[in-house]
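Peer 1: Here's a structure for you.
The values are calculated or read from the model by the stated rules, or taken from the named source; none is laboratory data. Small disclaimer: the values here were computed from a predicted structure and weren't measured. Don't worry about glycine lacking a Cβ; one is built from the backbone with ideal geometry, like all the others, and counts go over all protein chains shown. Surface areas here come from the heavy atoms of the whole protein model, side chains and all, with no ligands, DNA or RNA. Shrake-Rupley method; radii C 1.70, N 1.55, O 1.52, S 1.80 Å.
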Amino acid sequence: MTFGEQPAYLRVAGDLRKKIVDGRLPPHTRLPSQARIREEYGVSDTVALEARKVLMAEGLVEGRSGSGTYVRERPVPRRVARSGFRPERGATPFRQEQADVGVRGTWESSSEQTDASASVAQRLGIDPGDRVMRTKYLFREAGEPMMLSTSWEPLALTGRTPVMLPEEGPLGGMGVVERMRAIDVIVDNVTEEVGARPGLAEELMLLGGVPGHVVLVIQRTYFASGRPVETADVVIPADRYRAAYHLPVK
């Protein structure tokens, strides 16, 4: 194979992908069998199998037990608004951002005290093993699972205060900025790092995805005078949503 030449399985996958994208293989159509691919493209069984695996990993096709492999219905990606922290009183960032795009959002959550892992400790500027409050969220858009989030707050900061539990108490559900202000901690900066990876099995189970699907992972951290006060991992199914940023120019 010369430099720049694609392996045979990628060439086959590319041609089948093009047929799916331009509608020659519409949604719910059965993908050509491994034997048909072998004959049509003049390739080995191994190449045909690998080409099908590529399309499945890309989320373009799905296997149906005892029936074969079919072209998936491709969702039209929707926007998840990201606009940094919102200091206005009375609205969490999620609730406000959903309102901005005219969508009704809800969420479920659970909190527990735990020891900070090495990576979480580094993000929060604390020692591994220090106690943190971990809160897991499942966000829904019009009832459909759309986003997961796991947040960590150092209990050295929030422990034994009215805001120790993010979703309970007088400021439960009000968001990090408002809750921290209640204990005289003024959030003045937020950073977000965006990456992508294959979704974990438990994530895709909650989000209704197919094994192998890619998710966006946003690592968000709130700061008060340079001190990290909360950090979170936000997980969004990349085939259904796009992260849209609205950043004010000052």
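Peer 1: When only the heavy atoms of the protein chains count and the probe is 1.4 Å, how do His28, His213 rank by accessible area, highest first?
Peer 2: His28, His213
Peer 1: May I pose another question? So what does Tyr222 come to for accessible area, using a 1.4 Å probe and Å² rounded to 10?
Peer 2: Surface open to solvent at Tyr222 totals about 10 Å².
Peer 1: Search the structure for amide H atoms under 5 Å from the amide H of Ile126, placed 1.01 Å from N in the peptide plane, and list their residues when 5 or more places away or on another chain.
Peer 2: Counting only residues 5 or more places away or on other chains, the set is empty.
Peer 1: Would you pull out the residues with amide H under 5 Å of Val229's amide H, same chain only if 5 or more places away, H placed 1.01 Å from N?
Peer 2: When sequence neighbours closer than 5 places are left aside, the close amide H contacts are Tyr222, Phe223, Ala224.
Peer 1: Could you please state how large a percent of the accessible area of the stretch 178-250 is carbon and sulfur, counting protein chains only and using a 1.4 Å probe?
Peer 2: 59
Peer 1: Apply the Debye scattering formula to the chain, with a single equal point scatterer on each alpha-carbon and no solvent, then give log10 I(q)/I(0) at q = 0.12, 0.13 Å⁻¹.
Peer 2: Once normalised to I(0) and log-transformed, intensities are -0.79, -0.86.
Peer 1: Same structure again: Please report the accessible area of Val215 (heavy atoms, 1.4 Å probe, ligands and nucleic acids excluded) in Å², nearest 10.
Peer 2: 0
Peer 1: Suppose all protein chains stay in the model; what accessible area per residue would a 1.4 Å probe give for the stretch 192-232, in Å²?
Peer 2: Accessible area per residue, the stretch 192-232: 48 Å².
Peer 1: Over the stretch 181-250, what is the mean sequence separation of C-alpha contacts under 8 Å (at least six apart), divided by residue count, expressed as relative contact order in percent?
Peer 2: 30
Peer 1: Rounded to two decimals, what is the ratio between the C-alpha radius of gyration of the stretch 25-85 and 2.2 N^0.38 Å?
Peer 2: Normalised Rg, Cα atoms only: 1.52.
Peer 1: To one decimal place, what orientation-averaged projected area in nm² is obtained for the convex hull of the Cα set of the stretch 106-250?
Peer 2: Taking the Cα atoms of the stretch 106-250, their convex hull projects to 9.4 nm² on average.
Peer 1: Something else now. Whose amide H sits under 5 Å from the amide H of Thr29, counting only residues 5 or more places off or on another chain, with H placed in the peptide plane?
Peer 2: Those qualifying (amide H under 5 Å, at least 5 residues apart or on another chain) are Val71.
Peer 1: Shifting gears a bit: What is the stretch 160-220 by shape, rounded, prolate or oblate, if you read a ≥ b ≥ c off the alpha carbon gyration tensor as root eigenvalues and call it rounded for a/c under 1.5, prolate for a/b larger than b/c, and oblate otherwise?
Peer 2: oblate
Peer 1: So what J values fall out for the stretch 231-239 if you push phi through Karplus, 6.51 cos²θ - 1.76 cosθ + 1.60 with θ = phi - 60°, rounded to Hz, Gly and Pro as x?
Peer 2: 9, 8, 10, 9, 10, 10, x, 6, 7
Peer 1: Please find, in a Gaussian network model of the chain (springs between Cα atoms separated by less than 10 Å), the residue of Asp22, Asp115, Asp188 whose mean-square fluctuation is greatest.
Peer 2: Asp22
Peer 1: Still on this structure: Let me see the pair-distance distribution of the stretch 116-200: every alpha carbon pair, 10 Å bin width, integer percents in order.
Peer 2: Histogram of Cα-Cα distances, whole percents per bin: 15, 41, 35, 9.
Peer 1: Of the residues Arg64, Arg179, Arg131, which exhibits the maximal mean-square fluctuation in a Gaussian network model of the chain defined by a 10 Å Cα contact cut-off?
Peer 2: Greatest mean-square fluctuation among the candidates belongs to Arg64.
Peer 1: Comparing Glu73, Glu178, Glu153, which has the greatest mean-square fluctuation in the GNM of the chain with Cα pairs linked when under 10 Å apart?
Peer 2: Glu73
Peer 1: When Lys and Arg each count +1 and Asp and Glu each count -1, what net charge do the other residues less than 14 Å away from Arg36, Cβ to Cβ, add up to?
Peer 2: 0
Peer 1: May I ask you to evaluate 6.51 cos²θ - 1.76 cosθ + 1.60, the Karplus curve with θ = phi - 60°, for each residue of the stretch 214-223 and list the ³J(HN,Hα) values in order in whole Hz, giving x for glycine and proline?
Peer 2: Whole-Hz 3J(HN,Hα) from phi for the stretch 214-223: 8, 10, 7, 10, 10, 8, 10, 9, 9, 10.
Peer 1: Using θ = phi - 60° and the Karplus curve 6.51 cos²θ - 1.76 cosθ + 1.60, what whole-Hz ³J(HN,Hα) does each residue of the stretch 119-124 get, with Gly and Pro shown as x?
Peer 2: Calculated HN-Hα couplings, in order: 5, 5, 4, 4, 5, 9 Hz.
Peer 1: Then there is this: As a test of reading the structure, rank Lys18, Lys136 by solvent-accessible area (1.4 Å probe, protein chains only), most first.
Peer 2: Final ranking, largest accessible area leading: Lys18, Lys136.
Peer 1: I've got another one for you. Normalised by the number of residues in the stretch 137-177, what is the relative contact order in percent for Cα pairs under 8 Å and 6+ residues apart?
Peer 2: 20
Peer 1: Quick one: in the stretch 1-41, what % of C-alpha pairs are over 17 Å apart?
Peer 2: Of all Cα-Cα distances in the stretch 1-41, 38 percent exceed 17 Å.
Peer 1: What are the GluC sites (Glu not before Pro) within the stretch 1-70 that DSSP puts in a loop, where the Cβ has at most 15 other Cβ atoms within 10 Å?
Peer 2: Glu5
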